[in-house]
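Peer 1: One structure, pasted below without further comment.
The values are calculated or read from the model by the stated rules, or taken from the named source; none is laboratory data. Everything numeric here is computed off the predicted structure, so don't read it as measured data. Please note: Cβ atoms are built from the backbone with ideal geometry, for glycine as well, and neighbour counts cover all protein chains shown. Note: accessible area is taken over every heavy atom of the protein model, side chains too, but ligands, DNA and RNA are not part of it. Shrake-Rupley method; radii C 1.70, N 1.55, O 1.52, S 1.80 Å.
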Amino acid sequence: MPWIHLHDQVALVDFLLRHPSASGPYNACSPHPVRNAEFTRCLAQTLHRPAPLPLPAAVLRVGFGEMSGLLLGGQHVLPERLQTEGFEFCFAELSVALADLLVGNNAER
């Protein structure tokens with residue numbers, strides 16, 4: 001699943017505004033997407049809490065019906081155009097991004 005740190009999202013918008021040659025759609029996501037299970041594990045580690053057991057897909061389908069596709073599906077999205085334009089991420093790795101956002105390590109940038 002695609003994800004992005006808030007700092008990188010703001011920096012990305014600023015970067016695109018400062019580069020008039022950059023036009024059209026850009027993927028606002030980290031260059032390292034993760035599966036939901038990895039995101040959950042990394043979040044649990046960052047918060048020093050146990051990771052919950054995954055729900056079987058059948059349970060999600062019964063509970064959420066057609067909306068379960070949003071939870072069970074995914075997208076493999078990469079920011080190729082951004083990187084080609086020269087944008088550099090400060091938080092490309094999920095563990096670093098979560099630690100910065102959740103543990104309070106956000107230093108002045």
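Peer 1: Can you pull out the residues in region 28-37 that are in contact (Cβ under 8 Å) with a residue 24 or more places away in the chain and open to solvent by 70 Å² or more (accessible area, probe 1.4 Å)?
Peer 2: Across region 28-37, the qualifying residues are 32, 35, 36.
Peer 1: Moving on. Looking at region 46-83, which of its residues are closer than 17 Å to residue 9 by Cα and not hydrophobic (A, V, I, L, M, F, W, C)? Walk me through it before giving the result.
Peer 2: Filtering region 46-83 down to residues closer than 17 Å to residue 9 by Cα leaves 77-83.
Residues satisfying the conditions are 79, 80, 81, 83.
Peer 1: Turning to a different aspect of this structure: With a cut-off of at least 2 residues that are of a type in the set (A, V, I, L, M), in contact (Cβ under 8 Å) with a residue 40 or more places away in the chain and surrounded by 15 or more Cβ atoms within 10 Å (Cβ to Cβ), name the helices (runs of 4 or more DSSP H) lying wholly within region 38-109.
Peer 2: 94-102
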